Amino acid sequence: MSKITPEIESMMKKQGVYALATASKGGVPNVVPVGMMFLGEDGKVWLVDNYLKKTLRNIQENPLVSFYVWNPESKESYQLKGNATVSNSGADYEKAVAFAHSKRETFPAKNLIKIEVTEIYYTTPGPHAGDLVQ
């Protein structure tokens, strides 16, 4: 598991919407905007599934996912890749539901998707774009 640096965590706290990329078992790509993504207490990225259909199906078929974080002030960006798991019960799931309901009580919070980040790439344009950070 790659450790999310304090810089990336800070960027995540400021980012409102993420582009989450998945692919079906057959490799058909899918990318969607998601808003309820944050660093969990366990060091994994947590995503609350309110309205995911195709994305959820893709994760169940193929757990590999990718998303990016971007700081509009510094223009720095990183791509994070990892393995996703889905749960809809347990203490962590209940924490995710509470988080979603703190934003809006009507969010369904159907699942908690946890992403174990395995690779982080620097994606800011320039000579280091595409370099593996960790």
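Any idea how many residues of segment 3-31 are more than 11 Å from the chain's Cα centre (by Cα) and closer than 23 Å to Glu61 by Cα? Quick ask: steps written out before the conclusion?
We begin by selecting, within segment 3-31, every residue more than 11 Å from the chain's Cα centre (by Cα); these are 3-11, 13-16, 23-31.
Remaining after also requiring closer than 23 Å to Glu61 by Cα: 23-31.
Total meeting the criteria: 9.
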*Within segment 11-40, can you find the residues that are without any contact (Cβ under 8 Å) to a residue 40 or more places away in the chain, out of contact with any helix residue (DSSP H, G or I) (no Cβ under 8 Å at 6 or more places or on another chain) and of a type in the set (D, E, K, R)?*
Lys13
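Looking only at segment 81-134, which residues are of a type outside the set (Ser, Thr, Tyr) and touching a Phe, Trp or Tyr at 6+ places or on another chain (Cβ under 7 Å)? Walk me through it before giving the result.
Here is the first cut: in segment 81-134, the ones of a type outside the set (Ser, Thr, Tyr) are 81-84, 86, 88, 90-92, 94-101, 103-105, 107-117, 119-120, 125-134.
Once the filter is applied, which keeps residues that are of a type outside the set (Ser, Thr, Tyr) and touching a Phe, Trp or Tyr at 6+ places or on another chain (Cβ under 7 Å), segment 81-134 yields Ala96, Ala100, His101, Leu112, Lys114, Ile120, His128, Ala129, Gly130, Asp131, Leu132, Val133.
Look through Trp46, Trp70 and report the one residue that is at pLDDT below 95, closer than 21 Å to Tyr121 by Cα and in contact with a helix residue (DSSP H, G or I) (Cβ under 8 Å, 6 or more places away or on another chain). Talk me through it step by step, then tell me what you get.
Numbers: Trp46 fails: at pLDDT below 95.
Sole residue among the options that is at pLDDT below 95, closer than 21 Å to Tyr121 by Cα and in contact with a helix residue (DSSP H, G or I) (Cβ under 8 Å, 6 or more places away or on another chain): Trp70.
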_Listing of strands (runs of 3 or more DSSP E) fully contained in segment 1-52 that carry 1 or more residues being over 24 Å from Ser74 (Cα atoms) and in contact with an Asp or Glu (Cβ under 9 Å, 6 or more places away or on another chain)_ = 18-23, 45-49
*Consider only pairs whose beta carbons are under 8 Å apart and that are at least six residues apart or on different chains; among these, list those whose first residue lies in segment 56-78 and is touching a residue at least 60 places away in the same chain (Cβ under 8 Å) and among the aromatic types (Phe, Trp, Tyr) and whose second residue is surrounded by 17 or more Cβ atoms within 10 Å (Cβ to Cβ) and assigned to a helix (DSSP H, G or I).*
Tyr78/Ile8; Tyr78/Met11
*Filtering segment 26-36 down to residues that are hydrophobic (A, V, I, L, M, F, W, C) and at pLDDT 95 or above, which residue is surrounded by the most Cβ atoms within 10 Å (Cβ to Cβ)?*
Val34
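The values are calculated or read from the model by the stated rules, or taken from the named source; none is laboratory data. Since the model is a prediction, treat every value here as computed from it, not as a measurement. Every residue, glycine as well, gets a Cβ built from its backbone with ideal geometry; the counts of neighbours run over all protein chains shown.
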